[in-house]
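The structure under discussion appears below in the form of structure tokens.
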Amino acid sequence: MPAHHSGRARIPLPAAAPSDLSQRLARAVAAMIPGAATARVSQRDPGQVWPSPHLRAYDAHGRQLAVTRAKALTAARWIIRAHPTVDWTGEAHDLDLTTGTLRPAAGAYATAGGR
């Protein structure tokens with residue numbers, strides 16, 4: 001009995017390069033949150049006592065954008081699952097939505113002169 005149920009053989013998809021996946025993720029999040037240039041993701045929602053995926057979106061000028069709870073949770077989960085090697089229990093990380101680069105938020109804060 002075949003392992004597939006649709007009647008068609010499964011064709012394995014070619015493995016995408018990690019940078020391709022990061023860029024695709026960044027494009028998907030940018031499409032979900034119009035005007036966003038950066039997504040800051042962490043496992044520490046300030047309104048919760050327990051760990052919970054949390055996302056804040058910022059425009060190109062660093063202003064925080066309003067994001068619905070459902071969109072924020074969905075995008076945060078996508079980003080966290082796409083980067084399983086990152087330690088999400090500590091500090092937040094910023095995903096640059098133009099390049100797909102993920103970096104610690106503390107580093108971004110320091111390079112912006114503490115603003």
Proximal charge balance of Leu102 [Cβ under 9 Å; K/R count +1, D/E count -1] = -1
Area of Ser42 that stays accessible when all protein chains are in place (1.4 Å probe, Å², to 10) = 10
Accessible surface of Trp78 - all protein chains present, 1.4 Å probe, nearest 10 Å² | 110
Which length gain, in nm to one decimal place, applies between Thr89 and Arg27 when the Cα-Cα distance is subtracted from 0.36 nm times their residue separation?
-> 19.8 nm
Pull out a ≥ b ≥ c, the square roots of the eigenvalues of the alpha-carbon gyration tensor of the range 36-101, then state rounded if a/c is under 1.5, prolate if not and a/b is larger than b/c, and oblate in the remaining case.
-> oblate
Pro34: net charge of surrounding residues, Cβ under 12 Å, Lys/Arg +1, Asp/Glu -1, itself excluded?
-> 0
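The values are calculated or read from the model by the stated rules, or taken from the named source; none is laboratory data. Because the structure is a prediction, the values reported are computed rather than measured. Please note: Cβ atoms are built from the backbone with ideal geometry, for glycine as well, and neighbour counts cover all protein chains shown. Remember, those area values only see protein heavy atoms, side chains included, never the ligands or the DNA or RNA. Shrake-Rupley method; radii C 1.70, N 1.55, O 1.52, S 1.80 Å.
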